Amino acid sequence: MREAMLTIGTLLLFGGGLMAIAATTPMGAGALITEAQLVQMGWSIAIGTVIAFIGAALIMRNR
């Protein structure tokens, strides 16, 4: 069971990080971003960060 939780934690950490990076892709591409899109981007980054922190907590718990 320990190995499964470590694998899930790693996947959550990796996936959350990629989600936070992917949320900012339009900004890096030079797209014209409205205020509503900026708010949506902020929520996506926040959700991705929470997912990554949950994954990190699972990894640290199973060390």
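The values are calculated or read from the model by the stated rules, or taken from the named source; none is laboratory data. None of these values were measured; they are calculated from a predicted model. Cβ placement follows ideal geometry from the backbone for every residue including glycine, while neighbour counts extend to all protein chains displayed. Ligands, DNA and RNA are excluded from the accessible area calculation, which covers all protein heavy atoms including side chains. Shrake-Rupley method; radii C 1.70, N 1.55, O 1.52, S 1.80 Å.
In the stretch 50-63, the residues that are over 10 Å from Ile8 (Cα atoms) form Cβ pairs under 7 Å with partners that are exposed (fewer than 14 other Cβ atoms within 10 Å of the Cβ), at six or more places apart or across chains, as follows: Asn62/Arg2; Asn62/Met5.
Among residues of the stretch 32-46 that are farther than 19 Å from Gly15 by Cβ, those with a beta-carbon under 8 Å from a residue that is at pLDDT below 90 and surrounded by 10 or more Cβ atoms within 10 Å (Cβ to Cβ) at least six positions away or on a different chain give the pairs Ile33/Pro26; Ile33/Met27; Gln37/Pro26.
Contact map, the stretch 1-20: first residue surrounded by fewer than 13 Cβ atoms within 10 Å (Cβ to Cβ), second residue among the polar types (S, T, N, Q), Cβ cut-off under 6 Å, separation 6 or more or different chains; pairs are Arg2/Asn62. On the stretch given as the stretch 44-63, residues that are open to solvent by less than 50 Å² (accessible area, probe 1.4 Å) and assigned to a helix (DSSP H, G or I) total 8.
A single member of Met27, Met41 is open to solvent by 40 Å² or more (accessible area, probe 1.4 Å) and either within 24 Å of Ala4 (Cβ to Cβ) or assigned to a helix (DSSP H, G or I) (or both), and it is Met27.
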